[in-house]
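The values are calculated or read from the model by the stated rules, or taken from the named source; none is laboratory data. Since we're looking at a predicted model, the values are computed, not measured. Glycine gets a Cβ as well: all are built from the backbone with ideal geometry, and neighbour counts include every protein chain shown. Ligands, DNA and RNA are stripped out before the accessible areas are found, and what is left, the full protein with its side chains, is counted by its heavy atoms. Shrake-Rupley method; radii C 1.70, N 1.55, O 1.52, S 1.80 Å.
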Amino acid sequence: LSLPACFFHCSFSSCKNYRIMDTTTLFKKFDEAHAWNGALFTINKIAKTAISFVLYSKLSSLEFSAWANSYSLVYILLLWFNFGFSRSIPQFAPYFAKNSNIKKKFISKIIQFKFITALGACALLIATAPHLTRLLSLTSYLPLFYLGCCLFVVESIKSIFQLLFYSYLWHKRFNILDGFTVGLNAVIVLFLTTLSLSTMHLLYGIFFSNI
């Protein structure tokens, strides 16, 4: 969350339509947002690192490569097609404090744009999946890449909800929910590794768990 220089020069008391929060409360919300973002980042890193180590010991090199590449592709596309919009609304908080209608219009436009770009990215992912698997010599694992497309759709929807929560500085609420789902998914994945499943069924279970 970055603050523009104009933030420190904006007079909130002079805003006729100001109904959101005063400067002190806004700074407090930003500090809280940083703390909760850090907590979620830590939970994510611990959970995903633990899963990676467990899968590395369970899967063959080709299976682990298929899992890692499909996951990486999904999250790289999510990062690219985010276009930095998750930071845009908090960055322009002073302007939104003046007029809530501007904020609503801004959020609406960004959500529409994110929805369109997510559909485009999903279509691109589906179209290029066969070529990617041939390039990586993973043609027998093509279904995993298609499951990755499903995961991309789910994560895109999640990013839109994240944008809505973050636009109102509800970081704590979103990060508690997201942290819970990340932890629950890690428990499910680790439980699946204890069952007598074939490695392909294990991979399918991991993808479905994430979806």
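Report the label-to-label distance for residue 32 and residue 54 in nanometres (one decimal), using points 7 Å from each Cα along the Cα→Cβ vector.
Inter-label distance under the simple model: 3.3 nm.
What does the extension gain come out to for residue 158 and residue 136, with contour length at 0.36 nm per residue minus their alpha carbon separation? Write out the running numbers ahead of the final one.
Working: separation 22, 0.36 × 22 = 7.92 nm, distance 2.89 nm.
Full-extension gain reported as 5.0 nm.
Among 46, 206, what's the order by accessible area (1.4 angstrom probe), most exposed first?
The ranking, largest first, comes out as 46, 206.
Return the sequence-ordered ³J(HN,Hα) values of the range 61-69 in whole Hz as given by the Karplus equation 6.51 cos²θ - 1.76 cosθ + 1.60 applied to θ = phi - 60°, using x for Gly and Pro.
4, 5, 5, 5, 4, 5, 5, 5, 5
Can you sort 182, 189 by 1.4 Å-probe accessible area, starting with the largest?
182, 189
What FRET efficiency, computed as 1/(1 + (r/R0)^6) with R0 = 25 Å and r the Cβ-Cβ distance, is obtained for residue 72 and residue 187, rounded to the nearest 0.05?
Calculated value: 0.60.
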